[in-house]
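Below is one structure, written out as structure tokens; the observations come after it.
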Protein chains: 2
Amino acid sequence: MYRAKIEVSLKQGHSDPEGEMTAQSLKELKFSAKKVNVSKVYIVVFEAESKQKAEEAVEGMCRKLLANPTKDNYSYVIEEEK
Amino acid sequence: MYRAKIEVSLKQGHSDPEGEMTAQSLKELKFSAKKVNVSKVYIVVFEAESKQKAEEAVEGMCRKLLANPTKDNYSYVIEEEK
């Protein structure tokens, strides 16, 4: 069994309305907040035959579902679970 | 200027409908996915007088806005930006 931690964040230059709203709310609460960006982390537990197959699977998950290649960057770490 | 990377995730036992939907979608795409959990990462750039003040600010941001103490865990790392 493998466990992937996949972080999906917006590419620079793409607008981040959730980050902007969060910055606004922080300011209203009297916190200093110059800039906020929001990204998502998916922890996926899955089966694969080998570390290499696990990496191929995670690449596929990112490209087909979790990240939008036009506007998102993604990165991940994969660990084998005993 | 400081830069905090704050990760907010659901406490164990709380339902994660977005994670469940993601697992379902991955299965429909023929990926193995036993379990998916989704968490959020906020990158906050802000001003503070000292590292200690920066930590106090981030604790406040988490408690007052970013995390729900009933159902969320949060963790963060803070770096000073030059």
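The values are calculated or read from the model by the stated rules, or taken from the named source; none is laboratory data. None of the values given here were measured: they were computed from a predicted structure. Cβ atoms come from the backbone with ideal geometry, glycine included; neighbour counts cover every protein chain shown. These area figures cover heavy atoms from the full protein model, side chains too; ligands, DNA and RNA do not enter into them. Shrake-Rupley method; radii C 1.70, N 1.55, O 1.52, S 1.80 Å.
Test A:GLU18 against the criterion of being exposed (fewer than 13 other Cβ atoms within 10 Å of the Cβ) and more than 7 Å from chain B (Cβ to nearest Cβ), and give yes or no. Break it down stepwise before answering.
Numbers: exposed (fewer than 13 other Cβ atoms within 10 Å of the Cβ): no; more than 7 Å from chain B (Cβ to nearest Cβ): yes.
Against the criterion (exposed (fewer than 13 other Cβ atoms within 10 Å of the Cβ) and more than 7 Å from chain B (Cβ to nearest Cβ)), A:GLU18 does not qualify.
Can you confirm whether B:LEU26 is in a helix (DSSP H, G or I) and either within 26 Å of A:PRO17 (Cα to Cα) or of a type in the set (Phe, Trp, Tyr) (or both)? Spell out how you get there, then give the answer.
Numbers: in a helix (DSSP H, G or I): yes; either within 26 Å of A:PRO17 (Cα to Cα) or of a type in the set (Phe, Trp, Tyr) (or both): no.
Spelling it out, it is not the case that B:LEU26 is in a helix (DSSP H, G or I) and either within 26 Å of A:PRO17 (Cα to Cα) or of a type in the set (Phe, Trp, Tyr) (or both).
Would you be able to tell me the number of residues in segment B:21-30 that are open to solvent by 40 Å² or more (accessible area, probe 1.4 Å) and within 8 Å of chain A (Cβ to nearest Cβ)?
Step one: filter segment B:21-30 for residues open to solvent by 40 Å² or more (accessible area, probe 1.4 Å), giving B:21, B:24, B:27-30.
Now drop any that are not within 8 Å of chain A (Cβ to nearest Cβ), which leaves B:29.
Of the residues in segment B:21-30, 1 are open to solvent by 40 Å² or more (accessible area, probe 1.4 Å) and within 8 Å of chain A (Cβ to nearest Cβ).
Of everything in segment B:36-57, what is more than 9 Å from every other protein chain (Cβ to nearest Cβ) and either surrounded by 18 or more Cβ atoms within 10 Å (Cβ to Cβ) or in a strand (DSSP E or B) (or both)? Give them in sequence order. Can you show your working first?
As a first pass, look at segment B:36-57 and keep what is more than 9 Å from every other protein chain (Cβ to nearest Cβ): B:49-56.
Correct list: B:ALA54 only.
Just need a number here: residues in segment A:63-82 that are open to solvent by less than 60 Å² (accessible area, probe 1.4 Å) and within 11 Å of chain B (Cβ to nearest Cβ).
Going through segment A:63-82 one residue at a time, the tally reaches 1.
Pairs, please: C-beta under 9 Å, at least 6 apart or cross-chain, first residue touching a residue at least 40 places away in the same chain (Cβ under 8 Å) and closer than 22 Å to B:ASN73 by Cβ and in segment B:11-34, second in a loop (DSSP other than H, G, I, E, B) and open to solvent by 70 Å² or more (accessible area, probe 1.4 Å)?
Going by the 9 Å Cβ cut-off, the qualifying pairs are B:LYS11/B:THR70; B:LYS11/B:LYS71; B:HIS14/B:THR70; B:HIS14/B:LYS71.
Is it true that A:ALA33 is more than 7 Å from chain B (Cβ to nearest Cβ), open to solvent by less than 20 Å² (accessible area, probe 1.4 Å) and either under 18 Å from the mean Cα position of the chain (by Cα) or not basic (Lys, Arg) (or both)?
Details: more than 7 Å from chain B (Cβ to nearest Cβ): no; open to solvent by less than 20 Å² (accessible area, probe 1.4 Å): yes; either under 18 Å from the mean Cα position of the chain (by Cα) or not basic (Lys, Arg) (or both): yes.
Here the answer is no, as A:ALA33 does not meet what is asked.
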